[in-house]
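Visitor: One structure, as structure tokens, below. Some questions next.
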Amino acid sequence: MKRITGLLLACLILFSAGIAAGSEKVILLDDCRYASAEAARAQWKPTDKDFPPVEVTTIGGRPALKLPCNFSTNKRWGLVWEHSGEWDLSACQEIALDITADAGRPAMMMLNFKSGDTWYRYIWALHVPPGTNTLTLPRRHFPAHGGKPAGWNKITAVRIGVVREEAVDREILVSNIRGLLGKPRDPLAVALNRMGKVAGFGGVRELTTAIKANVLGQGEKRRKAVLEMLAKAENITREAGLAIKRGDADQAVKMLNQGQQAYIRAYAASVPSKPGEFRAVWCHSPKGVRGMSWDQSLKTLADAGFNAIIVNVCWGDRAAYKSKLLPMVGDKKRDLLAECVAAGKKHGIAVHAWKCNMRCRRSGSGKFYDDLLAAGRFQQDRKGKPHNYVLCPSAPENLKLEIDSMVEMARDYDVAGIHFDYIRYPGEVVCYCPRCRKRFEAAYKVKVKNWPADVLSGELKDKYLQFRRDQLTAIVAGVSRKARKVRPDVLISAAVYWHWPSARVMVGQDWKLWAEKGYLDFVCPMQYTLSASDFEGWTQRTSRWVGGRISLMPGIGSTLGRGNLTPDETLQQILITRKHKTAGFVLFEYRPPLPQEHLPLLRLGATAKKTTWTPPKPKAKQK
């Protein structure tokens, strides 16, 4: 067996050597070789007058662009520089650049490419380890955000940014920004190159070592079963090697693909289950998985070893249950939250009722929405134009409705918890309505002469940003106090933007404060990324911000729609949450292909044994 398996390994080595032998084929965006700072500044321009200009330096004798970050005095959420030009990156499968993060600290960065009237943006932010690193990023990690992109063949600008994490100045060095041309697409070459690259492992040998290490101490029956699965993968691999030897490429590709799947299953089965872990999914549909009843949806979840679901049943202007405060949507004869709770009780799944805070839709609630609009209860932009889908949190009647509707779910239904989502402003463009002006002036005892210009910059800006945060915190604090009064055992949680320092500035979401005050029992940072390295860096940060005060349940973007994780990538991110000792995880979201592909793989090992999560006594006391 070792001799035959070695045949395939030899093929892999020869293939890798062939790729390495050729020089890296690139499309250069910028080698960052500038004769002077002035030359660099002619190309790379700050996107805001308050951002410092770029400088030039060297990395190990090589020219580089220096991004000076004056975070000790500049309180913006991040600094951004833009380079205009014309590039055709349609043949590139990856984007690469060399980055040095100073002072032994990691950095969070942004990288965007303009096309048409929009940008291809790296999902969330780049995690840059300390020191000098070459980052290689698959192009599929850059979805278009809104608008109409003209295509990767028509890139007209590049933006690089550094996210503010603490009030400390620093420098980031960048060089050799390039697109990497696609590797050979020959099916046999692709299958060989992919072989054994499972859940972050580099190949068959490394993966096999991990599988054998995982089963140590799991019991003889378990060890034997996993090793039999591994032997099956090796047998298929042997057949692929023989097909390669006799020149049957089509059969070799078929066997390699089967072998790859067998290795994935063997590795998944080798991963031990963790007791006492919160294992949940978000479900946007109040009806459950399409094509399934609530009973079927939660049985499938329970059979996969999960123990909780966070289901969206409430919005700013409507509910999917018999509410006394909001109009009921859908079939008035069906109480979808009651159905979900009943199925949860039957199958041992804790149900957390999820509200999309302040979000409204006319088609959802009809006259109720029209009345909200007529009363001027929606947010407004800087020009006074209403954002007719988000309620303004500074309105006392909106504050009361948000609090009471969440408390209603806790009081009237036997849910395990209530869950905030969209507990944020849509961005810095809102809200600047007359009511916000009046309440801000009263709160800070000031008279704003030029509204909203005087709160967009100058000495009032920081005060207004705090005012925005205070409006959202009032909702969270009010729900926390009232819900716990009517249901002392109810758990309160929130889905939040993972990067707290920028979230509190851009969207007013000061979730670290909510943890410190004890308003929440657990928090779910939406750490949606296709990169395991980014996910780990983000988990390290969110763990630090939570500080053990409440439980941390990172959100994993398994089925986002704009770039799904493969099932083994979902498993890899779950293992990262375990590595950093979080209380559990939440998968987004419970829809195909999650129940068909991801859950069956997880139940082989990582979630094979059913468990329950017992909330710890909070270390933060509600204030």
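Let's see how each residue does on (1) touching a strand residue (DSSP E or B) at 6+ places or on another chain (Cβ under 8 Å); (2) among the polar types (S, T, N, Q):
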site: 380; (1), (2): yes, yes
site: 411; (1), (2): no, no
site: 418; (1), (2): yes, no
site: 449; (1), (2): no, no
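Visitor: For segment 537-563, how many residues are open to solvent by 10 Å² or more (accessible area, probe 1.4 Å) and assigned to a loop (DSSP other than H, G, I, E, B)?
Guide: 8
Visitor: Related question: In segment 462-493, what residues are part of a helix (DSSP H, G or I), more than 12 Å from residue 423 (Cβ to Cβ) and among the aliphatic types (A, V, I, L, M)?
Guide: 465, 483, 486
Visitor: Taking segment 494-536 as the region of interest, how many residues are part of a loop (DSSP other than H, G, I, E, B), among the aromatic types (Phe, Trp, Tyr) and over 22 Å from residue 418 (Cβ atoms)?
Guide: Residues flagged as part of a loop (DSSP other than H, G, I, E, B), among the aromatic types (Phe, Trp, Tyr) and over 22 Å from residue 418 (Cβ atoms) within segment 494-536 amount to 1.
Visitor: Could I ask something else about it? Out of the residues in segment 40-72 meeting the condition of being more than 28 Å from residue 90 (Cα to Cα) and free of Cβ contacts under 8 Å to residues at least 12 places away in the same chain, tell me which one is nearest to the chain's Cα centre (by Cα).
Guide: Going through the qualifying residues, I end up with 49.
Visitor: Now for a different question. Among (1) of a type outside the set (A, V, I, L, M); (2) open to solvent by less than 60 Å² (accessible area, probe 1.4 Å); (3) touching a Ser or Thr at 6+ places or on another chain (Cβ under 7 Å); (4) over 17 Å from residue 417 (Cα atoms), there is one condition residue 275 misses while meeting the rest; what is its number?
Guide: (2)
Visitor: So, in segment 79-136, of the ones that are small (Gly, Ala, Ser) and assigned to a strand (DSSP E or B), which residue ends up nearest to residue 555 (Cα to Cα)?
Guide: This residue is 107.
Visitor: Looking only at segment 243-269, count how many residues are among the hydrophobic types (A, V, I, L, M, F, W, C), open to solvent by 10 Å² or more (accessible area, probe 1.4 Å) and over 20 Å from residue 603 (Cβ atoms).
Guide: 4
Visitor: Could you tell me whether residue 486 is within 30 Å of residue 617 (Cβ to Cβ) and either at pLDDT below 95 or hydrophobic (A, V, I, L, M, F, W, C) (or both)?
Guide: Judged against the criteria, residue 486 is a match.
Visitor: Which condition number does residue 310 fail, the rest of (1) open to solvent by less than 10 Å² (accessible area, probe 1.4 Å); (2) modelled with pLDDT under 95 being met?
Guide: It fails just one condition, (2).
Visitor: Just a yes or no: is a residue in segment 375-393 open to solvent by less than 30 Å² (accessible area, probe 1.4 Å) and hydroxyl-bearing (Ser, Thr, Tyr)?
Guide: no
Visitor: Another question about this same structure. State whether the residues of segment 609-621 include one that is in contact with a Lys or Arg (Cβ under 7 Å, 6 or more places away or on another chain) and not in a loop (DSSP other than H, G, I, E, B).
Guide: Scanning segment 609-621 turns up no residue that is in contact with a Lys or Arg (Cβ under 7 Å, 6 or more places away or on another chain) and not in a loop (DSSP other than H, G, I, E, B).
Visitor: Can you tell me which residue in segment 208-221 is least open to solvent (accessible area, probe 1.4 Å), limited to those that are assigned to a helix (DSSP H, G or I) and in contact with a helix residue (DSSP H, G or I) (Cβ under 6 Å, 6 or more places away or on another chain)?
Guide: That would be 211.
The rows are residues; the columns are (1) open to solvent by 30 Å² or more (accessible area, probe 1.4 Å); (2) under 22 Å from the mean Cα position of the chain (by Cα).
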{"position": "95", "(1), (2)": "no, yes"}
{"position": "115", "(1), (2)": "no, no"}
{"position": "119", "(1), (2)": "yes, yes"}
{"position": "128", "(1), (2)": "no, yes"}
{"position": "150", "(1), (2)": "yes, no"}
{"position": "155", "(1), (2)": "no, no"}
{"position": "158", "(1), (2)": "no, no"}
{"position": "175", "(1), (2)": "no, no"}
{"position": "181", "(1), (2)": "yes, no"}
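Visitor: Of the conditions (1) under 16 Å from residue 589 (Cα atoms); (2) out of contact with any strand residue (DSSP E or B) (no Cβ under 7 Å at 6 or more places or on another chain); (3) not aromatic (Phe, Trp, Tyr), residue 286 clears all except one; give me its number.
Guide: Result: residue 286 fails condition (2) only.
Visitor: Scan segment 289-318 for residues that are outside any loop (DSSP other than H, G, I, E, B) and without any contact (Cβ under 8 Å) to a residue 40 or more places away in the chain and jot them down.
Guide: Listed by number, the list holds a single entry, 296.
Visitor: If the Cβ limit is 7 Å and pairs must be 6+ apart or interchain, which residue in segment 439-458 that is closer than 13 Å to residue 394 by Cβ pairs with which residue that is surrounded by fewer than 16 Cβ atoms within 10 Å (Cβ to Cβ) and among the β-branched types (Val, Ile, Thr)?
Guide: none
Visitor: Let me ask something else about it. Without any contact (Cβ under 8 Å) to a residue 60 or more places away in the chain and in a loop (DSSP other than H, G, I, E, B) - does that describe any residue in segment 157-170?
Guide: no
Visitor: Output the number of the condition that residue 400 fails; it satisfies all remaining conditions of (1) more than 19 Å from residue 437 (Cα to Cα); (2) touching a residue at least 24 places away in the same chain (Cβ under 8 Å).
Guide: (2)
Visitor: What's the number of the condition residue 300 fails, among (1) open to solvent by 30 Å² or more (accessible area, probe 1.4 Å); (2) in contact with a helix residue (DSSP H, G or I) (Cβ under 7 Å, 6 or more places away or on another chain); (3) within 18 Å of residue 356 (Cα to Cα)?
Guide: All conditions are met except number (3).
Visitor: Could I ask something else about it? On the given criteria, is residue 441 assigned to a helix (DSSP H, G or I) and more than 28 Å from the chain's Cα centre (by Cα)?
Guide: yes
Visitor: With the structure loaded, tell me whether residue 53 is under 20 Å from residue 108 (Cα atoms), in contact with a Lys or Arg (Cβ under 6 Å, 6 or more places away or on another chain) and at pLDDT 95 or above or whether it fails that test.
Guide: Answer is yes for this residue.
Visitor: A further question on this structure: In this structure, does residue 604 turn out to be open to solvent by less than 10 Å² (accessible area, probe 1.4 Å) and at pLDDT 95 or above?
Guide: Taking the combined requirement at face value, the residue does not satisfy it.
The values are calculated or read from the model by the stated rules, or taken from the named source; none is laboratory data. Computed from a predicted model, the values in this text were never measured in an experiment. Glycine also receives a Cβ, built like all others from the backbone with ideal geometry; neighbour counts cover every protein chain displayed. We work out accessible area using only protein heavy atoms, side chains counted, and drop any ligands, DNA or RNA first. Shrake-Rupley method; radii C 1.70, N 1.55, O 1.52, S 1.80 Å.
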